[in-house]
1. Let me confirm something: among Glu441, Glu453, which residue is open to solvent by 60 Å² or more (accessible area, probe 1.4 Å), modelled with pLDDT under 85 and in a loop (DSSP other than H, G, I, E, B)?
2. Could you identify the single residue in Glu254, Glu220 that is open to solvent by 40 Å² or more (accessible area, probe 1.4 Å), assigned to a strand (DSSP E or B), in contact (Cβ under 8 Å) with a residue 24 or more places away in the chain and within 30 Å of Thr457 (Cβ to Cβ)?
3. Any idea which of (1) closer than 22 Å to Leu535 by Cα; (2) modelled with pLDDT under 90; (3) within 41 Å of the chain's Cα centre (by Cα) is the one Arg617 doesn't satisfy?
4. In the range 358-384, how many are part of a loop (DSSP other than H, G, I, E, B) and surrounded by 19 or more Cβ atoms within 10 Å (Cβ to Cβ)?
5. Within the range 568-583, is there a residue that is in a helix (DSSP H, G or I) and closer than 18 Å to Glu625 by Cα?
6. Working only within the range 388-406, note down all residues that are open to solvent by 10 Å² or more (accessible area, probe 1.4 Å) and of a type outside the set (Val, Ile, Thr).
7. Among the residues of the range 599-616, are any crowded, with 19+ Cβ neighbours inside 10 Å and on the phi > 0 side of the Ramachandran plot?
8. Is the range 509-518 home to any residue that is surrounded by fewer than 16 Cβ atoms within 10 Å (Cβ to Cβ), within 38 Å of the chain's Cα centre (by Cα) and at pLDDT below 85?
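The values are calculated or read from the model by the stated rules, or taken from the named source; none is laboratory data. Small disclaimer: the values here were computed from a predicted structure and weren't measured. Here the Cβ positions follow ideal geometry from the backbone for every residue, glycine too, while neighbour counts run over all protein chains shown. The protein model used for the area step is the full one, side chains on, heavy atoms only, and it has no ligands, DNA or RNA in it. Shrake-Rupley method; radii C 1.70, N 1.55, O 1.52, S 1.80 Å.
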Amino acid sequence: MSGDDIAELERASSRRPGDSWEPLEAVPDALVVVTRAGTIEFSNKPFELATGYSASAIRGRPLSELLPERLLKRLGPDVVDAIRSRAELAAPSPLRVALVRVGEAKVEVEFAMTVGRSSDGGATLVLRSAHSALHDLEERKVEALPESDAHQLAFENAPLGMFHYDARGVLTTCNDAFVSILGSSRKAIIGLDIATLPNEQLVEKLKKALSGERARYDGEYVSVTAGRRSIVRVDFAPVRGEDGSVQGGVGIVEDVTERRKLQARLAQSDRLASVGTLAAGVAHEINNPLAYVLSNLEFARKRFAECAVDLPDLEARGRISESLEHARDGAERVQTIVRDLKTFSRGGDESRENVFLERAIEAALTMAHPLIRGRARILRDYQPTRAVWADEGRLAQVFLNLIINAAQGIGDGSPSSNEIRVRVFEAPDGRVCGEVSDTGEGIDAEHLPRVFEPFFTTRSSGVGTGLGLSVCHGLVTAFGGEITVESQRGRGTTFRVLLPRSSEPAPRESGTERRKRLSRPRRRRVLVVDDETLLARSIELQLQDEHDVELVINGHDAVEKLRGDVRYDLVLCDMMLPDISGMDVFDQARALANGSHERFVFMTGGSFSPRVFKFLRDNEVPCLEKPFTAEQLREVIDPR
């Protein structure tokens, strides 16, 4: 900073407050101006409230006297240069420093900082409290707009938008941050009559400030000079003349659009996580009774087939057989729905594996069926492809969002004349492509570049959140893929998901192969560990003709059985038990050192936590998902 600049600062600080600094007293946050030489030039009333230092006591003192010793050691001898350099590195985010309060050496106050530059490269520092002190401010008097260079630097480089308006509500001056928030120009803004703006709530807050009260507007604002739409927080503070009358006011503006979007995304993420947790719990609770329903139906069908030859009434025999078939078909339909529900509940576990796209798409179609059936026909075209390396639940979420988007683009009615086509094929570059196209209303060309932006939507209010396609883009990109869109208004839309083929080698020895290695004489001794007694009993009914089956209903009893003299050829153990988990039973069996842990097969309702996934992967323990069929059960006991 030149000698003239320093002299001007000295002259500014020697003036009466009303001549140069008093407009900054209307700023609702604590503020201090520090010269290039490192001394404090100005501080306002909120700064005194925040730190305990009055303006007269602190003016002319080095800033270093207010900084904690440990911070001074890091900054070095030239405190101002060091802070300025750190602020430039931190831009556009605010740099946080700490000031020690009077008489409370251990209490620090956080500040956000901006750096103001003069024309010759000199600088002042403007430190603004990160915590608003608007409610603590006393009303200040002001007569003129900022005039001195130092004052103008503080005004222009404030971290928030600032503007001044006269007693009529006409905007008379503003800083660069305010211009940037509106996306306009200073020339277009100066002279704007705020009281005539179409935003009635904002105008009401201005009128309140012109009547002598402070006011805050928090909401959407559409710039009348540039058309930019944003969410803002505007604080109005009145400015009074020497006679106490309101001469105008100062406004502080903060663009909180991105903050609100982030809050909305976090809230949406929380809701999705809650739905996922609920889905996992519901799936688990349904799977246990469904498992023994299917098992008992299979047992009943088998026994009826054996006894039906003795039933003379052929018509009655046919009706009973048909009713059992219908019951099994209904239970298997529930099984399919629950399986797809489990797929979506696993999205947060991020467990990647070889996934075929058609399986993820079919899960999505099942979930979206109630929305689709009154709108369009589904056409499938699945060509042979390699697997991709991804999380099946997350891929299903991608295609569910795309299919829902297609259904919403078609609308209700005339399902016979509309279609949603899903395709899986290998793209010319070798990637695997999953495609969702529809015959809906399409997307306007000017909107296509924005379809993957968060919260952007062309739907009417209440239809979707504007997050679905953004989530798709994020998930596909995370898998190393690409998502594209083609659309014409009135001719439908096509989304393509392109993913690299999996380079993972074939999986290691499967549970079935391991059962083959460990096979015993055909009649085996099986220990079933499950607290669902009906399910355990149905397993016993299925196996009792071919194997010796013992049942226990908790983990501790199972460990005692395994500790005894009886050797079990297979241990069917539920993952969730009332006393200890199936994983704990496995670990205790391994500690027995009798090889019993090598003969475990877990049963689960599908409520997998990250710990369970890791356990199954690390120990290579086969898992039988409920509900399972009699054939699946026999396969793990006596693999062919």
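1. Details: Glu441 fails: modelled with pLDDT under 85.
The unique qualifying residue is Glu453.
2. After ruling out the rest, the residue left standing is Glu254.
3. Arg617 satisfies all of (1) closer than 22 Å to Leu535 by Cα; (2) modelled with pLDDT under 90; (3) within 41 Å of the chain's Cα centre (by Cα) except (1).
4. So the first thing to find is which residues in the range 358-384 are part of a loop (DSSP other than H, G, I, E, B), and the list is 373-376, 383-384.
Restricting the remaining residues to those that are surrounded by 19 or more Cβ atoms within 10 Å (Cβ to Cβ) gives 375-376.
So the answer is 2.
5. So in the range 568-583, the residues in a helix (DSSP H, G or I) come out as 582-583.
Narrowing further to those that are closer than 18 Å to Glu625 by Cα: 582-583.
Within the range 568-583 (the criterion being in a helix (DSSP H, G or I) and closer than 18 Å to Glu625 by Cα), the answer is yes, since at least one residue qualifies.
6. So in the range 388-406, the residues open to solvent by 10 Å² or more (accessible area, probe 1.4 Å) come out as 389, 392, 394, 397, 400-401, 404-405.
Selection gives Trp389, Glu392, Arg394, Gln397, Leu400, Asn401, Asn405.
7. Checked against the condition, which is being crowded, with 19+ Cβ neighbours inside 10 Å and on the phi > 0 side of the Ramachandran plot, the range 599-616 yields at least one hit.
8. Keep residues of the range 509-518 that are surrounded by fewer than 16 Cβ atoms within 10 Å (Cβ to Cβ), which gives 509-510, 512-513, 516-518.
Going one step further and asking which of them are within 38 Å of the chain's Cα centre (by Cα), we end up with 509-510.
Of the ones still in play, those that are also at pLDDT below 85 are 509-510.
The answer is yes; a qualifying residue exists.
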